[in-house]
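Each reported figure results from applying straightforward, stated rules to the coordinates on display, with no laboratory input. Everything numeric here is computed off the predicted structure, so don't read it as measured data. Methodologically, a virtual Cβ is constructed for each residue, glycine included, from the backbone with ideal geometry; neighbour enumeration extends over all protein chains shown.
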Amino acid sequence: MANAAIRRRKRAAIVVLAVLAGGAFAFGAALGDGAAGRPKAAERLSAEKLAGQRIVIGFAGTEVPSGVREMVREGHLAGVILFADNLPSRAAGRRLIARLQAIPRPRHLRDPLLVMVDQEGGLVKRISGAPTASAEQIGARGPAFAREQGRRTAANLRNVGFNVNLAPVLDVGRPGGVIEETDRSFGASAARVERTAVPFARAMQAGGVAASAKHFPGLGAAAENTDFAVQRIRLSRRTLRRVDEAPYSAFTAAGGALVMISSAIYPAYSQKPASLSKAIAAGELRGRLSYDGVSITDALGGAAIRAVGGPARVGVAAARAGTDLLLYTDYREGARARRALQRRLEGGEMDRARFEHSVQRVLTLRHRLRR
């Protein structure tokens, strides 16, 4: 109880700091409570639209496909992720995002779509501009530089129309790990990651772009990218909690908007990929760390995920595990997952109250992203 009280005080302090810094909105308060006077819109949604608010999709090219346009119009989509092929230029990206946001949406779902991008810096950037350094370089230069890069990244992304950055990486770098080898870690210790990645996230959010910490509960020990190979992180529960999960505790206290859950397998907790594991998505993230922001899967197409089954099956598994948003790089797969969720919700196979709670977190975030 004492720890929870400390966390609440820290969140309140972040709200004040964000307002004083001129942030477009404050993330410090609990994201699941229908804050800012917004009614709990999730209670008013049909099963069809509830299912849609768990889905984020990608698509190819610089035009909005008719299938995506229909998903937005029908309330079957919470957001989109854009990649390099969607963004041949900043102007093209700006036009594409404007068209997406202009699509008429049903009542209770008229707040901005979540428009996401991987703009970590270094090797992982989708558009030009900030961050102008890799995570490793930011970590080496300290918190002041991290805050500057966070502010500049927010301004850069908002200029194009993005409101969610799938960064920072909170993975603690380990020698020989793919995260360390690609300069995607802020440091080789939990303390270094907390000291620099969290200020980066806080400054970015004060600038109006939601931060997404990744890849919970930590991918620093992975030898390969989970998109291409099944990775089993054979660390003890004690080590994961003491080292790899530690930066997420700081991110939670700072009011971090989203946490991306890894696609690796952590035998200390479960034999399932983390985003499909209730022990991780609900037990560790929600229970042990008391995280009340939005959780999101890594792309549901990684090697370990594909081994579980098709898009509908893994989407249902992730939702049942307690992960809020399901990320598909192909919008047709997202549509199949949405239909599967709707069927199970209507059939009573999924608990509506729990489902609404996840959707309300998403709707509250969307509401706070209003320009």
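See the values below:
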item	result
In nm, spacing of pseudo-spin labels at Ser236 and Arg69 (7 Å Cα→C-beta vector)	5.8
Spin-label pair Glu224/Val308, simplified geometry with 7 Å Cα→Cβ offset, distance in nm	2.0
Local electrostatic count at Leu109 - Lys and Arg +1, Asp and Glu -1, tallied over other residues with Cβ under 9 Å	+4
Sorted peptide list for 315-328, 148-161, criterion being average Cβ within 10 angstrom, highest first	315-328, 148-161
Of Asp244, Asp183, Asp298, the one that fluctuates the most in a GNM where the chain has Cα springs shorter than 10 Å	Asp183
Efficiency of FRET between Ala144 and Arg343 - r from beta-carbon atoms, R0 56 angstrom, step 0.05	0.60
Net dipole in debye of the stretch 2-368 [+1 Lys, Arg Cβ; -1 Asp, Glu Cβ; about Cα centre; nearest 20]	900
Sequence-distant lysines (8 or more away, or on other chains) whose Cα lies within less than 28 Å of Lys125	Lys214
Loop trypsin sites (Lys or Arg not before Pro), the stretch 99-147 (other Cβ atoms within 10 Å of the site Cβ: 11 or fewer; DSSP)	Arg107
GNM top mover of Leu285, Leu345, Leu77 - the chain, alpha-carbon springs below 10 Å	Leu345
Within a Gaussian network of the chain (alpha carbon springs, distance under 10 Å), most fluctuating of Ala47, Ala60, Ala274	Ala60
Percent RCO, i.e. relative contact order, over the chain, from Cα pairs under 8 Å lying at least 6 residues apart	21
Added length on full extension, which subtracts the Cα-Cα distance from 0.36 nm per residue, Asn159 to Ser46	37.2 nm
Extension gain, Arg286 back to Phe83 (0.36 nm per residue minus Cα-Cα distance, nm)	70.1 nm
12 Å Cα-Cα reach of Lys40 towards aspartates and glutamates, excluding residues that sit fewer than 8 places from it in its own chain	Glu356
Counting DSSP beta bridges with both ends in the stretch 2-368, the antiparallel % (nearest 5)	10
Estimated 222 nm signal from helices in the chain, with DSSP H stretches of n ≥ 4 weighted -39500 (n - 2.57), rounded to 500	-12000 deg cm²/dmol
Charge dipole of the stretch 2-368 about the Cα centre (unit charges at C-beta), most positive-ward option of Ala78, Ala253, Met116	Ala253
Potential extension, Ala353-Asp330 segment - 0.36 nm per residue separation minus Cα distance	5.4 nm
